[in-house]
Amino acid sequence: MIKVQKHSKAILLIMILGLIAILAMYYKENFASSANNQVLVANVDTKCNGDFNHSGRVDIVDFAFFAYNYNKQIDCALDITGDDCQLTLNDFSVFAKDLYGKEAVCVETSGGSSGAGGGSSSSGSGSSGSGGSSQEQNNNTVVDDEDGAIYLDNQLSTNCTSNNYSRSNRNCTGSDGNAYSTFDQAVSNLSSGGLLVIRDGIYRQNTFVFGPAGGGFNTRTIIRGASGERAILTRSDDLPPAVSIYDYVRVEGLWMGGSWDKVGDGGLMNVGNYGGPQIGTGKEIVNNTIFGYKTGINIGTSRFITIQGNRLIHNGNGAYDHGMYISGGGTTASNHIIVDNNVVVDGEGYGIHEYHRPVTSIITRNFVANHSAGGIVVDDQEALVANNFAWKMTPGVQFQDEQFVFINNILGPESPMWNFSRTNITIDTNVFFPHSDRSNQQTTYGVNDIRLNDSDITSTLGITESIIDTNLQNIDQAFYQSVQNIYSNSSIDTYFDALEIAPAGASALVDGGINWLDFTNSIDIGPQVSGNFDEGILWKLFREQGLIDKNEDRTAHAPAPSISNVSSQVTSSTATITWNTNESTDASVLYGTTQLYGYFAYDNTGSTNHSITLTNLNACTTYNFRARSRDVDYLITASEPLTFTTSCN
């Protein structure tokens, strides 16, 4: 009898191992290599024992995941028995007997889980020393430059901590750096000023904290989605997660959100003074897709913040929560806020709501449509509000304060301007479509106003009314779907692309607009192809409109630095750029083969005499460049656009 019992156990063990092998192959073929794989990663806030993909039930997919990761090092939060950060026969016994086929039981955890192996830090995109210059990609242009990056990849079965991550295979068989399977593990191994690249997939946890803080304006910590991929940050229940950002951190190219959470249980995008002093500084949110928040982006007490190139959908609630809210910050005023080139659509409240008197803002090239309370509210002293496009909302724009410039904006059909008798406002060369020029609150239309009819929409905008409305409806419907469906829907980008506003040569905007962008015939409105402008350029243009910089106490700031004597000396592969400033500043150069540049080099050493050498240039090539300087009070300016041509070999 004893021999028979041992033999039976051996057969049973072989059968179990055979089943595990079959299911491992099933998982590998159907999930591990699929671009649309389900999310099989740990959630640092919630542990659902055995329910690896947080579907609500322990099912065959979880069984297959178990088999695929059998006897491998895994995220400890996925270990069923919690004894060794592995899935072993002990775990299988509990999984098969107590968990499989049942509703998931989830518990809140106290924080992030630790993965197998420690991680080594990677410095990423450039901290500079006490002197000399450093070159890297321009933060305002996404290029496939991931030297020194670490990675977040939820397809990993184990962390890659020996610089052995493979970008192409998405496993630990390469030499592309370190990689981690959970967000908290990745950021805990990210150095100040480093680069974290998040790979395609859905990442689920209740709170995402973007850090550590960067070293300064030229050495920001960068956390971005991999170029050409879709990484979505959400919660396990499909609600939008809470997001907070440390100082001098850039968040770029990510999708963040969930099902529209109008009561706020899903948190909000918090861009205030998180993890820092009284006022948050130097944060950038660029080229992200943000959806489903009670308030899409909430800018608390902040300074030198850039919100640029984002898409905001299904954000806001009622009349008092908005797609984007920019708070003045009380006695300590928010200041130097850039809100540029964003698409804010299909929400409640106002699209962009600036209130409680922040100072020194740039609100430019934004497209706002289908928000229930209206388009843009300006309650600011010293603001440039230009080249925005409000579509079919009442009001299209509302003025709440004084001392700002309102030029080159389009108020589309049914989008009136409400002025409330404010003074010291420059209102010049704005376009009014039918029913956008009449309101009992409106007292002036400014000067050089352009009155058009519905029949002028196509010739003025280069797009038909029907195309705008149809694609806004398509976007609205797409974001009512589950996060999994949003992740899989490749049509979403085409809906946004179809909203491109391309004024024809005969457009009143091109022929009659105020060319404050200082590019020839470039009067850009709303979603368009010109891309994101550098902050130094935007602040230079802001001051050229007669606007002034103000401090946190709302008093006038000392003038920004001035740049003079810019020159260049070239070889076939290098260019040395020199210039002077009237006060001690840092130094940086934007450069590239177009006026969107694409790269910058910098030197953080304070001086009035500056010299930066650009290397690895192409011979016989014309480059565009600008010199930039920032003083100790963080005010930045840029030179006029210039060019140099490298010598030919």
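Numbers for the structure displayed
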{"read-out": "Qualifying strands (runs of 3 or more DSSP E) (wholly inside the stretch 534-649; at least 2 residues being among the small types (Gly, Ala, Ser))", "value": "563-570, 575-592, 599-614, 622-630"}
{"read-out": "Qualifying positions in the stretch 353-372 - over 22 Å from residue 551 (Cβ atoms) and either modelled with pLDDT of 90 or more or in contact with a Leu (Cβ under 7 Å, 6 or more places away or on another chain) (or both)", "value": "353, 364, 366, 367, 368, 369, 370, 371, 372"}
{"read-out": "Any chance residue 383 is in a loop (DSSP other than H, G, I, E, B) and over 20 Å from the mean Cα position of the chain (by Cα)", "value": "no"}
{"read-out": "Scope the stretch 586-611; condition buried (at least 24 other Cβ atoms within 10 Å of the Cβ) and β-branched (Val, Ile, Thr); matching residues", "value": "589"}
{"read-out": "Qualifying residue in the stretch 623-641 (condition: surrounded by fewer than 17 Cβ atoms within 10 Å (Cβ to Cβ) and modelled with pLDDT of 95 or more)", "value": "no"}
{"read-out": "Subset of the stretch 451-487 (residues that are outside any helix (DSSP H, G or I) and either farther than 26 Å from residue 429 by Cβ or modelled with pLDDT of 95 or more (or both))", "value": "479, 480, 481, 482"}
{"read-out": "Residue match in the stretch 488-502 (condition: part of a helix (DSSP H, G or I), at pLDDT below 85 and over 19 Å from residue 307 (Cβ atoms))", "value": "no"}
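One line per residue, one yes/no per condition, for (1) in a loop (DSSP other than H, G, I, E, B); (2) among the hydrophobic types (A, V, I, L, M, F, W, C); (3) surrounded by fewer than 24 Cβ atoms within 10 Å (Cβ to Cβ); (4) modelled with pLDDT of 95 or more:
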residue	(1), (2), (3), (4)
169	yes, no, yes, yes
187	no, yes, yes, yes
217	yes, yes, yes, no
229	yes, no, yes, yes
274	yes, no, yes, no
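The values are calculated or read from the model by the stated rules, or taken from the named source; none is laboratory data. Being a predicted model, the structure only gives us computed values, none of them experimental. Here Cβ is always computed from backbone atoms with ideal geometry, including for glycine, and neighbour counts include all displayed protein chains.
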